[in-house]
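Worksheet: one structure, shown below.
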Amino acid sequence: MSDERLCWLPATTLSEMYRRKEVSPVEVVDAVLDRLERVNPGINAFVTVLADQAREAARRAQEQLANGTDDLPPLHGMPVTVKDLTNTAGVRTTYGSIAFTDHVPDEDSAAWARMKAAGAILIGKTTTPEFGMLGVTESRLTGITGNPWNPAMTAGGSSGGAAAATAAGIAPLAWGSDGGGSIRVPASCCGVAGLKASPGRIPRGGDDEPFDTVSTVGPLTRTVADTALLLSVTAGPDPREPLGLPPLQPSEIESALAEPTVRGLRVGYSPDLGWGPVARNVAASVEAAAQFFETGLGAHVGTVDISLPDPIQYFLDFWAPGFALGVGSFAAQPGWDPQQLHPMILELADVGRGITASEYLRTAHQTRAQIARGFAAVFEHHDLLLTPTTPTTAFPHNPDGGLSTIDGTAVPRWPGLNFHRLTEPPSHAALPAATICCGFTAEGLPVGLQIIGPPRADTAVLAAAAAYQAATDWHTRHPPLGNRPAEQGGNQPHDS
């Protein structure tokens, strides 16, 4: 088998091939690292590359396979990339910030510790904007991350490096994080699968916010089966997180994906969650996907009305005080230079300083409750909800750091926030949501379909995504990315 083909095989397939001794971890890791070396200069998806360590880990994994395949862990010898917001003990973790250029944590995050214990091999750390605080992946530290389908376009954010690497054939498994869409938006931009699990399903482990019910960590992969594999390894309570959910039983995930189906389910479809506009080419692909859930998959699909607060105003009222707090902490450090941060981060911090404590509490309690009630009204009569993941496909890199036009009409306010207005609301209703590719535009850019489930229905969301993937071939397409110079510039990743 060619090295190139190895790069595109799912982790579930590679695992079976390992056990049948049809291919070795050494061959797979070598193929992945070779592809990284060839294509990463065109997309700039890595902060740090761990070539030597990965090859040594692959040799150890191969030795274990030679001694027998009984009782091997589920990710044995599997190449994985990890977003550079996730702590990896002994491996540089920069959080996308110049201030943390040489930071090396002493402890692993809970999720990475579980992946590592399950046999995963870390290929490298992927790019993120400073502290994950933007919807595009660019920073003063690493430059701009491009989209594998067209490097002049954004890979989304803030898990843009993770999505770009996976879409480009650099490791089948990637790890990211998602508050208001930071897994789903880049997955949509790059045409891969991404899951925002229910809050508390996967521990963040060691963060300073043990009661956070919005932000999560999770997988980006090319197949839903690989998404489920990473979920099965990382899900489960952690003593540092008092709101963690009980563990998923392996049989729950296995049965959901063994013969995935949505037949007979009541599936709602919202073209814009009540807050448009959505680009015509995106709307057409997502509507066709929703219709296919009925005509091709046997679900009962109907358009729904949903009443939600203005997602842009909600973002400002909920998140901007945190930007002010974060920038204030940076400003208190010796040698503080505002130029270390993207201008939009500073602008949002300014907004946050003008929000009073009572205004923030009203948003966090009353307005957020309105969001939860809006979705609850839908799920009284539906098992799942389909929407576009993003209002347009990936857009060109631009100084605004966001979506500036839709079908030629200028976005009236906050272009940097508009791209997440369909992924933000389900996050704040504490709902599981996934994105999968449901088509391509005439320009060759992928379109994302968001599948939202009721509270804690992670396996139902995965089953629906898997059923759609099994009946379509969008996820099997690969970007025409080869050896090309980085079109937008950016620093080369460290070798470590």
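The values are calculated or read from the model by the stated rules, or taken from the named source; none is laboratory data. Everything numeric in this text was worked out from a predicted model, so none of it was measured. Positions of Cβ are backbone-derived with ideal geometry, glycine not excepted, and every protein chain shown enters the neighbour counts.
Within segment 7-26, is there a residue that is within 22 Å of Ser159 (Cβ to Cβ), part of a helix (DSSP H, G or I) and of a type in the set (Gly, Ala, Ser)?
The answer is yes; a qualifying residue exists.
If I filter segment 445-452 for residues that are of a type in the set (Gly, Ala, Ser), in contact with a strand residue (DSSP E or B) (Cβ under 9 Å, 6 or more places away or on another chain), in a loop (DSSP other than H, G, I, E, B) and modelled with pLDDT of 95 or more, do I get at least one hit?
Looking for residues that are of a type in the set (Gly, Ala, Ser), in contact with a strand residue (DSSP E or B) (Cβ under 9 Å, 6 or more places away or on another chain), in a loop (DSSP other than H, G, I, E, B) and modelled with pLDDT of 95 or more, one finds none in segment 445-452, hence no.
Could you say which residue among Asn398, Asn418 is without any contact (Cβ under 8 Å) to a residue 40 or more places away in the chain and of a type outside the set (A, V, I, L, M, F, W, C)?
Values: Asn418 fails: without any contact (Cβ under 8 Å) to a residue 40 or more places away in the chain.
Selected residue: Asn398, the only one of Asn398, Asn418 that is without any contact (Cβ under 8 Å) to a residue 40 or more places away in the chain and of a type outside the set (A, V, I, L, M, F, W, C).
Within segment 410-444, take every residue that is of a type in the set (Gly, Ala, Ser) and in a helix (DSSP H, G or I) and give me the one that is modelled with the highest pLDDT.
By that ranking, first place goes to Ser427.
Among Ile183, Ile121, which is the only one that is more than 10 Å from the chain's Cα centre (by Cα), buried (at least 24 other Cβ atoms within 10 Å of the Cβ), within 27 Å of Val28 (Cβ to Cβ) and modelled with pLDDT of 95 or more? Steps first, please.
Numbers: Ile183 fails: more than 10 Å from the chain's Cα centre (by Cα).
Just a single option satisfies the conditions, and that option is Ile121.
Just give me the residues in segment 371-395 being of a type outside the set (A, V, I, L, M), in a helix (DSSP H, G or I) and crowded, with 17+ Cβ neighbours inside 10 Å, in sequence order. Spell out how you get there, then give the answer.
Within segment 371-395, the first condition is being of a type outside the set (A, V, I, L, M), and the residues that meet it are 373-375, 379-383, 387-393, 395.
Then drop every residue that is not in a helix (DSSP H, G or I), which leaves 373-375, 379.
Within segment 371-395, Gly374, Phe375, Phe379 meet the criteria.
Among the residues of segment 10-30, is any modelled with pLDDT under 95, aliphatic (A, V, I, L, M) and under 20 Å from Lys116 (Cα atoms)?
No, segment 10-30 contains no residue that is modelled with pLDDT under 95, aliphatic (A, V, I, L, M) and under 20 Å from Lys116 (Cα atoms).
Regarding segment 436-452, can at least one residue be identified that is surrounded by 24 or more Cβ atoms within 10 Å (Cβ to Cβ) and farther than 21 Å from Ala167 by Cβ?
Yes.
Matching residues to (1) outside any loop (DSSP other than H, G, I, E, B); (2) surrounded by 15 or more Cβ atoms within 10 Å (Cβ to Cβ):
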| position | (1), (2) |
| --- | --- |
| Ala228 | yes, yes |
| Ser232 | yes, yes |
| Pro239 | no, no |
| Gly244 | no, yes |
| Ser255 | yes, no |
| Val278 | no, yes |
| Asn281 | yes, yes |
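Here are some residues: Asp400, Asp350. Which one is among the acidic types (Asp, Glu), modelled with pLDDT of 95 or more and outside any strand (DSSP E or B)?
From the options Asp400, Asp350, the qualifying one is Asp350.
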